Amino acid sequence: MQVETDPRDVGLCPDRLERIDAWMRGYVESGRLAGLSVSVLRGGKTAFFRAHGHADLARDRPFAADTITRIYSMTKPLTSLAVLMLYEEGRFQLDDPVARFLPEFAEMRVMTGGNRAKIETEPALRAITIRDLLTHTSGLTYGFMEATLVDALYRQNEIDFQTSTLPLADLVAKLAQQPLLAQPGAEWNYSVATDVLGHLVAVVSGIDFADFMRTRILRPLGMDDTDFFVPEEKHGRFAANYAFDRAGKLRLYDDSVGSRFLAPPPLASGGGGLVSTAADYLRFCRMILNLGERDGVRLLGRKTVELMLMNHLPGDLAAMGQPRFAESSYAGIGFGLGFSVMLDPARAQILGTPGEVSWGGVASTSFWIDPDEDMAVLLLTQLVPSSALPLRRELRVLTYAAIES
């Protein structure tokens, strides 16, 4: 990927951007990361791009601009985009009950107590809306949380959109049989809600969810290396995924050869199923910064993008039951329609701008888009979990410190 401008021409300090390079080299040379890339976009142009280390240590493949990575939950903003495209077509309102289209969610119950032998529940006080799913306030959760009786049920009943062999519709129907963790709208809980939205897209559009993503979003944006699997001709560009062993050394978590991502999955996970490259995901970031349009292709209207980037919670995430997730504090952070939204950098205790949106993936990938600064930053690497290293917070400081004007 080519750097498109002198950083000085877009108000960035070249010397301070070089601190990012030193930071990247430090993680690779210390053995804490196999490889990574960082892209900084400002004023519509790439002002900084570097890649260091290896995409695959065993095969000595370098990490590069076209390295294909598992972006996991960075799929969610793209699925949310698909939902809002249908919203613009007049297919539904955001406050419509999702049961209007997915009747299996018509009579939900909410956990109130009990134990694994018998969970106590009560009827949901209101229906789950499409907005609830977009903002993770539906009462759904994730099985990997390992914190509540409800997520234990998810594991027991194999509610896992990453590994299930069931069709998407069948797994969503199975999910709807589980009790909710909280009343709809009452709490923010990170969840499989975006996977439900993927199924909603398929039902409302009448098009298979993966095909909708390809034909309506990925290919129009030129995101040609982004998909729910890596085709055979691109296997050599697919990165291995790593984790730390008990001694703090990198160990293989998911090989680049033999990975489930090398073949079409039984279901396309709207919450975490995509693979992508730096060049591809920057196209999405550019489209958001350009308020819905990229290279003459308009996916959303300006007002819809503005709505997407607003905080849709009554306060911040910390006030709605989630003080911390991954390595980040959520005081001063709200949530929009598919992204977290910076409300107050002082409360969040990190450099940033009110109105900036961001999200990341479990393999330590991350991005943020700052409309006020006309800037986007993208970090790609492959290390699970995302809380293993404070990469996102450190990179935010380094990039924001490079702004001169």
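The values are calculated or read from the model by the stated rules, or taken from the named source; none is laboratory data. Small disclaimer: the values here were computed from a predicted structure and weren't measured. In this analysis, Cβ positions are derived from the backbone assuming ideal geometry, glycine residues included, and neighbour counts consider all displayed protein chains.
Per-structure values
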{"item": "Residue match in the stretch 357-364 (condition: among the polar types (S, T, N, Q), assigned by TED's automatic domain parsing to the domain that holds GLY35, more than 30 Å from ARG294 (Cβ to Cβ) and surrounded by fewer than 24 Cβ atoms within 10 Å (Cβ to Cβ))", "result": "no"}
{"item": "Qualifying residue in the stretch 324-333 (condition: part of a strand (DSSP E or B) and crowded, with 21+ Cβ neighbours inside 10 Å)", "result": "yes"}
{"item": "Residue match in the stretch 62-79 (condition: of a type in the set (Lys, Arg), assigned to a helix (DSSP H, G or I) and modelled with pLDDT of 95 or more)", "result": "yes"}
{"item": "Single match in ARG59, ARG25 (criterion: part of a helix (DSSP H, G or I) and either modelled with pLDDT of 95 or more or out of contact with any helix residue (DSSP H, G or I) (no Cβ under 6 Å at 6 or more places or on another chain) (or both))", "result": "ARG25"}
{"item": "Every residue from the stretch 233-253 that is outside any loop (DSSP other than H, G, I, E, B) and within 22 Å of SER30 (Cβ to Cβ)", "result": "ASN241, TYR242, ALA243, PHE244, LEU250, ARG251, LEU252, TYR253"}
{"item": "Qualifying residue in the stretch 6-20 (condition: within 26 Å of the chain's Cα centre (by Cα) and under 30 Å from GLU233 (Cβ atoms))", "result": "no"}
{"item": "Helices (runs of 4 or more DSSP H) within the stretch 165-221 that include 3 or more residues farther than 22 Å from VAL275 by Cβ", "result": "168-175, 193-205"}
{"item": "Hits in the stretch 126-161 (condition: under 22 Å from GLY114 (Cα atoms) and part of a helix (DSSP H, G or I))", "result": "GLY143, PHE144, MET145, LEU149, VAL150, ASP151, ALA152, LEU153, TYR154, ARG155, GLN156"}
{"item": "Residue list for the stretch 105-147, restricted to those being surrounded by fewer than 16 Cβ atoms within 10 Å (Cβ to Cβ), out of contact with any strand residue (DSSP E or B) (no Cβ under 9 Å at 6 or more places or on another chain) and either within 30 Å of ILE333 (Cβ to Cβ) or of a type outside the set (Gly, Ala, Ser) (or both)", "result": "ASN115, ARG116, LYS118, PHE144, GLU146, ALA147"}
{"item": "Which listed residue, of LEU309, LEU317, is modelled with pLDDT of 95 or more, buried (at least 17 other Cβ atoms within 10 Å of the Cβ), closer than 16 Å to THR135 by Cβ and in contact with a strand residue (DSSP E or B) (Cβ under 6 Å, 6 or more places away or on another chain)", "result": "LEU309"}
{"item": "Index of the failed condition, ALA279 passing every other in (1) in contact with a strand residue (DSSP E or B) (Cβ under 8 Å, 6 or more places away or on another chain); (2) surrounded by 18 or more Cβ atoms within 10 Å (Cβ to Cβ); (3) outside any loop (DSSP other than H, G, I, E, B)", "result": "(1)"}
{"item": "ASP224 surrounded by fewer than 23 Cβ atoms within 10 Å (Cβ to Cβ), of a type in the set (D, E, K, R) and assigned to a loop (DSSP other than H, G, I, E, B)", "result": "yes"}
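Here is a yes/no grid of residues against (1) free of Cβ contacts under 8 Å to residues at least 24 places away in the same chain; (2) within 25 Å of the chain's Cα centre (by Cα):
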residue: THR75; (1), (2): no, yes
residue: GLY90; (1), (2): yes, no
residue: ASP96; (1), (2): no, yes
residue: LEU102; (1), (2): no, yes
residue: PHE105; (1), (2): no, yes
residue: ALA124; (1), (2): no, no
residue: ALA127; (1), (2): no, no
residue: ARG131; (1), (2): no, yes
residue: LEU134; (1), (2): no, yes
